[in-house]
Amino acid sequence: MREDIVDRYVADGQAQRMNDMAWEKLKDWGREPGKAAVFTDIDGTLAPIVPTPDLSEVPEELRRLLDRLTQSYHVVAGISGRATPDAKELVGLDDVVYYGNHGFEILRDGTVEVVPEAVPYEDKVRELEALSREELEPRGAFVEDKGITASVHYRNASPEVGELCKAFVKREGERLGLRITVGRGVVEARPPVHVDKGTAVRRLVEEYGPEKALFIGDDTTDLDAFRALEELREEGVLRETLRIGVRSDEGPPEIVSEADLVVDGVEGVGEVLRVLAGKEGVRPEA
Ligand SMILES: [Mg+2]
């Protein structure tokens with residue numbers, strides 16, 4: 001066999017063994033859920049990606065499983081790029097904690113808290129939204145009203161308009177002193193304070209104090225959450241962690257390479273939730 005094929009074969013074998021170990025760990029957590037926290041991204045993870053975000057839906061089975069987890073796990077949180085009320089409406093469960101806008105807002109027990117460092121930037125974000133509406137919406141982009149962050153979606157526009165959106169939001173956003181990030185079919189501007197899905201995970205772990213925590217995600221911004229889990233484990237704050245990557249055509253390669261367990265799409269996430277809920281033996285044979 002050629003050397004590169006042998007290397008691939010060995011690498012595939014290692015990945016398979018890592019995945020097997022992670023499934024075993026999930027089963028263990030399912031037997032003793034009270035000390036574990038379940039953190040998950042929402043779009044592309046619990047809800048399949050659709051042309052516009054207002055058409056997203058969480059499949060009923062996943063909703064029921066998640067509801068079940070809120071009754072036995074230490075804490076269950078949805079950490080999303082969406083505004084928190086929007087995230088809550090999509091998932092539709094009162095007992096889930098919602099960390100929205102990539103970690104800028106938290107919604108629990110009916111109240112939204114904005115990270116105080118971000119408040120002074122609210123006007124700048126509004127200005128960028130207004131400019132984007134004027135310049136980019138006539139060309140087919142969609143500007144989402146999100147409060148403390150601005151999102152310009154170009155999934156339905158031509159690749160040229162996508163490039164234009166990225167360039168425009170980068171230029172104007174930087175002029176206004178905002179931080180720009182690019183995701184799957186979306187470019188976003190936010191206050192330049194260190195807040196991301198990683199700080200959200202850290203804050204939740206510090207507030208709720210679980211011994212174990214996992215995060216499930218499919219996109220670039222989810223890597224911050226993966227890295228925060230790793231740091232919390234190295235610091236001894238968490239005893240066990242699991243980084244679960246949801247593989248997709250549009251996701252970054254790191255969502256696979258940095259994960260302890262890789263699953264395919266929202267269906268694969270369903271398998272993870274079933275095992276966490278203690279429904280063993282349903283794992284698909286690889
Ligand atoms: Mg996602």
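Carbon and sulfur atoms: what percent of the 1.4 Å accessible area of the chain do they account for? Please list the in-between numbers first.
Working: 6450 of 13430 Å².
On the chain, the fraction of accessible area on carbon and sulfur atoms equals 48 percent.
Report, in degrees rounded to the nearest 10, the 0 to 90 angle that the Cα long axis of helix 159-175 makes with the longest principal axis of the chain.
Between helix and principal axis, roughly 70 degrees.
Among Pro138, Gly268, Thr221, flag the residue with its Cα farthest along the positive direction of the charge dipole of the chain, charges on Cβ as +1 for Lys/Arg and -1 for Asp/Glu.
Final value for the positive-end residue is Gly268.
Residue farthest toward the positive end of the dipole of the chain, with Cβ of Lys/Arg at +1 and Asp/Glu at -1: which of Ser80, Val169, Pro51?
Checking the options against the dipole of the chain, the answer is Ser80.
Treat each spin label as a single point 7 Å out from the Cα along the C-beta direction, and report the Glu3 to Thr111 distance in nm.
So the label points at Glu3 and Thr111 sit 6.3 nm apart.
What distance in nm separates the simple spin-label points at Lys166 and Gln14, each placed 7 Å from Cα in the Cβ direction?
Result: 3.1 nm between the two label points.
Provide the net charge surrounding Asp54, with neighbours chosen by a C-beta distance below 13 Å and charges set as Lys +1, Arg +1, Asp -1, Glu -1.
Values: positive: Arg82, Lys146, Arg155; negative: Asp43, Glu57, Asp86, Glu89, Glu144, Asp145.
Once all neighbours under 13 Å are counted, the net charge is -3.
For the range 118-190, what's the relative contact order in percent, using C-alpha pairs closer than 8 Å and at least 6 residues apart?
Numbers: 114 pairs, mean separation 22.3, N = 73.
Once normalised by length, the contact order is 31 percent.
Over the chain, what relative contact order in percent results from Cα pairs under 8 Å that are six or more residues apart? Each step should come with its number before you reach the end.
Values: 525 pairs, mean separation 55.4, N = 286.
Relative contact order comes out at 19 percent.
Per residue, how large is the accessible surface of the range 118-190? Use a 1.4 angstrom probe and give square angstrom. Don't skip to the end; give the middle numbers.
On the way: 3540 Å² over 73 residues.
About 48 Å² of surface per residue is accessible.
About the Cα centre, and with charges only on the beta carbon of Lys, Arg (+1) and Asp, Glu (-1), how big is the dipole of the chain? Nearest 20 debye, please.
Values: 38 positive and 60 negative charges, 59 e Å.
For the chain, the charge dipole is close to 280 debye.
Can you say what percent of the DSSP beta bridges in the chain, counting only those with both residues inside, are antiparallel? Round to 5.
Values: 19 of 42 bridges.
So the antiparallel bridges in the chain amount to around 45 percent.
Listed highest first by mean packing, meaning other Cβ atoms within 10 Å per residue, what order do 170-176, 194-200, 6-12 come in? Let's see the in-between values first.
Numbers: 170-176: 16.1, 194-200: 22.1, 6-12: 10.6.
The peptides rank, most packed first, as 194-200, 170-176, 6-12.
Taking only Cα atoms, what is the 0 to 90° angle, nearest 10, from helix 60-72's long axis to the longest principal axis of the chain?
Roughly 70 degrees between the two axes.
Could you rank the peptides 263-273, 217-227 by their average count of other C-beta atoms within 10 Å per residue, with the highest value first?
On the way: 263-273: 19.0, 217-227: 24.2.
The most tightly packed comes first, giving 217-227, 263-273.
Once both labels are modelled 7 Å past Cα along the beta-carbon direction, what's the Arg64-Asp94 spacing in nm?
Placing both labels 7 Å beyond Cα along the Cβ direction yields 2.1 nm.
The values are calculated or read from the model by the stated rules, or taken from the named source; none is laboratory data. Note that this is a predicted model, so its numbers are computed, not measured. When we count neighbours, we look across all protein chains shown, and the Cβ atoms used for this are built from the backbone with ideal geometry, even at glycine. The area values use the complete protein model at the heavy-atom level, side chains included, leaving out ligands, DNA and RNA. Shrake-Rupley method; radii C 1.70, N 1.55, O 1.52, S 1.80 Å.
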